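Peer 1: Please find one structure pasted underneath; my questions will follow.
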Amino acid sequence: MTPTSAERGKETRVRLLDAASRLIAEEGWGAVTTRKVAERAGLRPGLVHYHFSTVTDLLVEASLGEVRREVERSLAALRQEIDPAAGVEQVLAMAEAYTPDDQLTVLFTEVLLAATRHERLRAELAVLIREFRAALADWLRASAGLDDAEATAVVFSALLDGLVLHRLVDPSLTAQPITGPLRRLVGAKEATGATDAERG
């Protein structure tokens, strides 16, 4: 069946957002142009401004979409774990996936920097980060019984963000065992069968 104009428009928008996300990670926020996005998406340049008022609007939409999906994925994984130790291991596994050559990792760093210059991006990114921290605090309170779950969630999430950024600069940090310190931070007992390296 032939797609409707609304369906074609939706597909075009998705292609533009995907192209913009990839270009942010590959070339940096400031290097993305209408022409580059259109070329990457295989579309006419005029379609960029048909769907988005400015290139900045496109970049904000693309980056927030990626962050939103990752936050939802992380929270879904975390909520599957009731045991604090297992939950910490789950969070660590997610953090380990953010490697220096990972597109999503680079995209996140670009978004954080851009958020200092674009008010809408900063405001909407802050909402997503608060949602993640609130959900993390709820999980910590329920699973580990922490009285200061909100404060721990702030420190824990900031620590993970910093860890990802440090690994971008110094990839050798991936060899440093951090499970033990992170587990102690959230008051989780050592997982059964943990190795010496995992104990940190």
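Peer 1: Can you list the HN-Hα couplings for the range 27-41, worked out from phi with the Karplus curve (6.51, -1.76, 1.60; θ = phi - 60°), rounded to whole Hz and with x for Gly and Pro?
Peer 2: 10, x, 3, x, 8, 7, 10, 4, 4, 5, 5, 4, 4, 5, 7
Peer 1: Next up: Counting only residues 5 or more places away or on other chains, whose amide H sits under 5 Å from the amide H of T33 once H atoms are built in the peptide plane?
Peer 2: HN-HN under 5 Å from T33: empty list.
Peer 1: With θ set to phi - 60°, apply the Karplus curve 6.51 cos²θ - 1.76 cosθ + 1.60 along the range 123-129 and write out the HN-Hα couplings as whole Hz, x wherever there is a Gly or Pro.
Peer 2: Taking θ as phi minus 60°, the curve returns 5, 6, 5, 4, 4, 4, 5 Hz for the range 123-129.
Peer 1: Apply the a/c threshold of 1.5 to the C-alpha gyration tensor of the range 4-145 and tell me whether it is rounded, prolate or oblate.
Peer 2: prolate
Peer 1: Under 14 Å from the Cβ of P3, count the other residues' Cβ atoms, weight Lys and Arg +1, Asp and Glu -1, and hand me the total.
Peer 2: Within the 14 Å Cβ shell, the charges total +2.
Peer 1: Of Y98, Y50, which has the most accessible area with a 1.4 Å probe, and how do the rest follow in descending order?
Peer 2: Y50, Y98
Peer 1: For the modelled label position 7 Å from the Cα of A31 along Cα-to-Cβ, which residues of the range 111-149 have backbone nitrogen atoms closer than 20 Å?
Peer 2: What the label zone holds, given the 20 Å backbone N cut-off, is 111-117.
Peer 1: What distance in nm separates the two pseudo spin-label positions at A142 and R8, each 7 Å out from Cα along the beta-carbon direction?
Peer 2: Taking the two extended label points, one gets 4.7 nm.
Peer 1: What does the charge count near K36 come to, summing +1 for each Lys or Arg and -1 for each Asp or Glu among other residues with Cβ under 14 Å from its Cβ?
Peer 2: Every neighbour counted, the sum reads +1.
The values are calculated or read from the model by the stated rules, or taken from the named source; none is laboratory data. Note that the structure is a prediction, hence the values are computed from the model and not measured. Ideal geometry is used to build each Cβ from the backbone, glycine not excepted, and the neighbour counts take in all protein chains shown. Remember, those area values only see protein heavy atoms, side chains included, never the ligands or the DNA or RNA. Shrake-Rupley method; radii C 1.70, N 1.55, O 1.52, S 1.80 Å.
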